[in-house]
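Have a look at the structure below before the remarks.
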Amino acid sequence: MPKPVQPAALVRFLLIFAALIFLFLFLIVPLFAVFSEALKKGILVYIESVEDADALSAIRLTLLVAAISVSLNTIFGIATAWAITKFEFRGKNLLITLIDLPFAVSPVISGLIFVLLFGAQGILGPWLEAHDIKIIFAVPGMVLATVFVTFPFVVRELIPVMLAQGKQEEETALSLGAGGLQTFLRVTLPNIKWGLLYGVILCNARAMGEFGAVSVVSGHIRGMTNTIPLHVEILYNEYNFVAAFAVASILAVLAIITLIIKSLSEWKTKRLLEAAEEEQ
Amino acid sequence: MAKRLAKKSIIPGFGLTMGYTLVYLSLIVLIPLSLIFYKTASLSWKEYWDVVTDPRVIASYRLTFGASFVASVINAVFGTLIAWVLVRYDFIGKRLVDGIVDLPFALPTAVAGIALTSVYSDNGWIGKFLAPLGIKVAFTPLGVIVALTFIGFPFVVRTIQPVLQDLDHQLEEAAFSLGASRLQTFVRVLFPPLLPALLTGFALAFARALGEYGSVIFISGNMPMVTEVTPLLIVTKLEQYDYAGATAIASVVLIASFILLFIINCLQWVSGRRYFIG
Amino acid sequence: MKRLLMLLVSLSLVAGISGCGPSSGSGKNEVELLNVSYDPTREFYQDFNRQFAAYWKKKTGETVTIKQSHGGSGQQSRSVQDGLDADVVTLALSYDIDAIAKKGLISQDWQKRLPENSSPYTSAIVFLVRKGNPKGIKDWDDLVKPGISVITPNPKTSGGARWNYLAAWGYALKKNKGDQAKARDFVTRLYRNVPVLDSGARGATTTFVERGIGDVLLAWENEALLSQKEFGKDKFEIVYPSQSILAEPPVAVVDKVVDRHGTRKVAQAYLDYLYSDEGQEIAAKHFYRPRSPKVAAKYASQFPKIDLFTIDEVFGGWEKAQKTHFADGGIFDQIYQKK
């Protein structure tokens, strides 16, 4: 690894300082607010709220919905970023813009469109009812809404990375006789792994935290179709402030766990690289 | 058919990936979104016009688009800074900082809204120091900007970070050793390859801010004509079981953000091209 | 990375399959009910469901499991209209059940099927003030005085807030011998004193309690008592105005759903049980005013007597009140748009 250009210590200090001040005001103080509310009545009440059967079932459901949505969007993200960055075709900007759209749709509307499609008064509603298929107010509907809301994350994360990589490496591999899949796994994937990882992490965080859209399609049945954010909302609305924040802090903790996994994998690849260099 | 759209390339998989993209995009996004227009179509033109040009709705567009724009500009500036600091410098607690960047996505928006309000209201940890200066954050448009900055924050950082990580240090070193100043190096050498990612981050943060509901309603105070955001008016319509009115307002936001995003994406592609191909 | 991806994919497949499977494996002697309710009723129904299940088991030998769903009253109503399989609905205002009835899921005369307008328990709109009542707020007239800051949620998004608004309107109307213009002026002045319109009752309580904004919070009596319990009696006092509106949260069996599930008998019994002494007692324990005189007498100290008027008397029912006051372009909107 070549040494990066190091600006004078002062500039560096100022930049770090400015970044930390911003983070402090916008992220760290609110985060502390969440934990201080959660622990207001002591650690025992905190543990009690988190161990509540409904809370546990909400955690399970959240993990399930997030796992399905993230994997669907990851597959989509890789395929689409490949199509967009490795080929020239007309209407590319239009396609990218359409992919971005779910972000601009208000969460309430994101839920509502699925209700309009699959709900009892919706277009497919009567047919679904006749065949006894439940989509809305059940897990499939919640997955759909989450997939919709987190749709652009992985693709959008990959496009700039793949763009920056260019396509010479793939072309070289292919002209040397490597197969398409082989080229992807051996050449492309290692190059885009950081982008992919960030995309998956963001997608996952958002999938677990989504409230508005999921709220519309969930039906809020306790212990069955309540995700963590919905459970938090209900606790809050029934004047159970401490429990609400305790359960919310679980989401923060889950986010931090994904971070640790990310750091570990970063560290591990770094070590592997170093080991490879030493061997040489 | 799909093959003819693309210029000849030796890279395989265009038909497969493009076909899959289009099918998935249609099923998950386009067909459901078209229902907004389907439902809106039950209104006559006059009804539609009356709903979307109501003075209160117009005031809410102004707030929503204005606050979203300001918030995403703030995020673009500080997001770049933070991505830079995280990638290029080492300092104590860096890993932790790196981790909490994603926090705004993980926290349910309502919790974020309540936490921000409690921090920025006149008796809150930060609001306490701002109040004597005459700065009111909670329950004013400023509060809306704070909430929208919060929820869109990870976008810019996370789009710039991977590009910066992959960027070759040699370029900067070369520029540096050829006598370019630090600022010149940044503007001429580093900025161009970062621009597409920066624009992506900006566009995403902006789009996300336009639709945000959960966190904003707690900090905005929801005063008609002053601090009502457009998504709140959509919810108001739903409360009256007026689905068509709700989708009518949603359609306006959707079309406006589609146009804005399209422009940003074109810019991004142009800027990316100039650097990579030109 | 690859392995992680494989893991995710296989996980999602498993989840997809198990998620789609039918959830009802009920045997002959088991029956399931879904009660779709509004926000702060969870603890009440938790207690009530336990008692009812025991009662039903003893009476019929059947094991009944009651699932609960809680959310904003309007949103819950929309979910039921859109296909949420509620056997019974227990919402905050009859307008929200009327909306379900309009879709043909509940018979139009639902409100006459059970005693007392189908609302087994009631509440009233009261004032929550800070300890010692520093601004000396005694009645509605004190709320429109200059310099008083009133916290109440936005009636356009919160069902509870509509009760607050109508209570103020009704008071002014009665005081001014039915003069609508004066009532309107009174309510306009009241909302001039409102610095923040939260989207729900709970948000308004937070604004008042945690943010320290406002001199008085308009709230349902049961929620005022709940917040007193949560935040401490030494911090807030409840003031009972001379007159208030009788908040009647209604309940109904969803005909279409119970007929499909074959649960009409138990659903009906569930609602009837709300009117029994046991049911009334649980309601009173959770700060709802019981209808039964016997139980009411027992809890008389908890619920001071106030002069209560109903929405039907003063406004001719929810349908009409909603249209005049809260629909787009209605009086509430006019108050804010004129300036």
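Summary table below
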| item | result |
| --- | --- |
| Subset of the range A:181-194 that is surrounded by fewer than 19 Cβ atoms within 10 Å (Cβ to Cβ) and within 13 Å of B:GLY13 (Cα to Cα) - its residue that is nearest to the other protein chains (Cβ to nearest Cβ) | A:LEU181 |
| Residue that is farthest from A:GLY209 (Cα to Cα), among those in the range A:56-90 that are basic (Lys, Arg) and assigned to a helix (DSSP H, G or I) | A:LYS86 |
| Extreme residue, farthest from the chain's Cα centre (by Cα), among residues of the range C:26-61 that are of a type in the set (A, V, I, L, M) and surrounded by 21 or more Cβ atoms within 10 Å (Cβ to Cβ) | C:VAL31 |
| Test set (1) farther than 18 Å from A:PHE137 by Cα; (2) at the interface with another protein chain (Cβ under 7 Å from one of its Cβ atoms); (3) buried (at least 16 other Cβ atoms within 10 Å of the Cβ) - A:SER249 fails condition number | (2) |
| Among (1) over 25 Å from the mean Cα position of the chain (by Cα); (2) closer than 30 Å to A:ILE260 by Cα, the one test that B:ASP98 misses | (1) |
| Verdict on A:LEU197 being at the interface with chain B (Cβ under 9 Å from one of its Cβ atoms) and closer than 30 Å to A:ALA58 by Cα | yes |
| The range C:91-113 - residue that is β-branched (Val, Ile, Thr) and part of a helix (DSSP H, G or I) and, of those, farthest from the chain's Cα centre (by Cα) | C:ILE100 |
| All positions within the range B:223-247 that are surrounded by fewer than 21 Cβ atoms within 10 Å (Cβ to Cβ), in a loop (DSSP other than H, G, I, E, B) and more than 8 Å from every other protein chain (Cβ to nearest Cβ) | B:VAL226 |
| Hey, C:ALA204 under 30 Å from B:ILE126 (Cβ atoms) and crowded, with 23+ Cβ neighbours inside 10 Å or not | yes |
| Subset of the range A:218-237 [more than 9 Å from chain B (Cβ to nearest Cβ), closer than 13 Å to A:LEU61 by Cβ and of a type in the set (A, V, I, L, M)] | A:ILE221, A:MET224 |
| Members of the range A:117-151 that are surrounded by fewer than 24 Cβ atoms within 10 Å (Cβ to Cβ), within 10 Å of chain C (Cβ to nearest Cβ) and part of a loop (DSSP other than H, G, I, E, B) | A:ALA120, A:GLN121, A:GLY122, A:ASP132, A:ILE133, A:LYS134, A:ILE135, A:ALA138 |
| Residues (within 8 Å of chain B (Cβ to nearest Cβ), surrounded by fewer than 23 Cβ atoms within 10 Å (Cβ to Cβ) and without any contact (Cβ under 8 Å) to a residue 12 or more places away in the chain) located in the range A:163-178 | A:GLY166, A:GLU171, A:LEU174, A:SER175 |
| Where C:VAL216 falls short, out of the listed (1) touching a strand residue (DSSP E or B) at 6+ places or on another chain (Cβ under 7 Å); (2) closer than 25 Å to B:LEU233 by Cα; (3) more than 14 Å from every other protein chain (Cβ to nearest Cβ) | (2) |
| Helices (runs of 4 or more DSSP H) enclosed by the range A:159-277 - at least 2 residues per element that are of a type in the set (Ser, Thr, Tyr) | A:168-175, A:212-218 |
| Positions within the range B:79-102 being free of Cβ contacts under 8 Å to residues at least 40 places away in the same chain, farther than 16 Å from A:GLU266 by Cβ and in a helix (DSSP H, G or I), in sequence order | B:LEU81, B:VAL85, B:ILE100 |
| Residue within the range A:109-116 that is surrounded by fewer than 21 Cβ atoms within 10 Å (Cβ to Cβ) and among the hydroxyl-bearing types (Ser, Thr, Tyr) present | no |
| Yes/no for B:ASP50 being under 20 Å from the mean Cα position of the chain (by Cα), assigned to a helix (DSSP H, G or I) and among the acidic types (Asp, Glu) | no |
| Any chance A:THR150 is of a type in the set (S, T, N, Q) and either farther than 30 Å from C:GLN46 by Cβ or out of contact with any Asp or Glu (no Cβ under 8 Å at 6 or more places or on another chain) (or both) | yes |
| Some residue of the range A:208-215 being within 21 Å of A:SER71 (Cα to Cα), more than 8 Å from chain B (Cβ to nearest Cβ) and touching a Gly at 6+ places or on another chain (Cβ under 8 Å) | yes |
| Of all residues in the range A:179-195 being of a type in the set (A, V, I, L, M, F, W, C) and touching a residue at least 12 places away in the same chain (Cβ under 8 Å), the one that is farthest from A:SER265 (Cα to Cα) | A:PHE184 |
| Near pairs, Cβ below 8 angstrom, 6+ apart or cross-chain, from the range C:279-296 (closer than 20 Å to C:ALA92 by Cα and not assigned by the TED database to the domain that holds C:GLU223) to any residue that is of a type in the set (Gly, Ala, Ser) and in a strand (DSSP E or B) | C:PHE287/C:SER123; C:TYR288/C:SER123; C:ARG289/C:SER123; C:ARG289/C:ALA124 |
| Single match in B:ALA174, B:ALA180, B:ALA207 (criterion: among the hydrophobic types (A, V, I, L, M, F, W, C) and outside any helix (DSSP H, G or I)) | B:ALA180 |
| Of residues in the range C:114-146 being of a type in the set (S, T, N, Q) and crowded, with 19+ Cβ neighbours inside 10 Å, the one farthest from the chain's Cα centre (by Cα) | C:SER118 |
| Lone qualifier among A:GLY111, A:GLY91 - being closer than 20 Å to A:ALA66 by Cβ and either touching a Pro at 6+ places or on another chain (Cβ under 9 Å) or more than 7 Å from every other protein chain (Cβ to nearest Cβ) (or both) | A:GLY111 |
| The range B:120-144, subset in a helix (DSSP H, G or I) and buried (at least 24 other Cβ atoms within 10 Å of the Cβ), residue nearest to the other protein chains (Cβ to nearest Cβ) | B:TYR120 |
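Residue-by-condition table, conditions (1) within 30 Å of C:TRP110 (Cβ to Cβ); (2) aromatic (Phe, Trp, Tyr); (3) buried (at least 23 other Cβ atoms within 10 Å of the Cβ); (4) modelled with pLDDT under 90:
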site	(1), (2), (3), (4)
C:LYS175	no, no, no, no
C:LYS235	no, no, no, yes
C:PRO241	no, no, no, no
C:SER244	yes, no, yes, no
C:ALA252	yes, no, yes, no
C:ASP255	yes, no, no, no
C:GLY262	yes, no, no, no
C:LYS265	yes, no, no, no
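Results for (1) more than 14 Å from chain A (Cβ to nearest Cβ); (2) closer than 22 Å to C:PHE315 by Cα, shown as yes or no for each residue.
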{"residue": "C:ALA53", "(1), (2)": "yes, no"}
{"residue": "C:SER73", "(1), (2)": "no, yes"}
{"residue": "C:GLY83", "(1), (2)": "no, no"}
{"residue": "C:SER94", "(1), (2)": "yes, yes"}
{"residue": "C:TYR121", "(1), (2)": "yes, yes"}
{"residue": "C:ASN133", "(1), (2)": "yes, no"}
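The values are calculated or read from the model by the stated rules, or taken from the named source; none is laboratory data. Worth saying up front: this structure is predicted, and the values here are computed from it rather than measured. All Cβ positions, glycine included, derive from the backbone under ideal geometry; neighbour counts span all protein chains shown.
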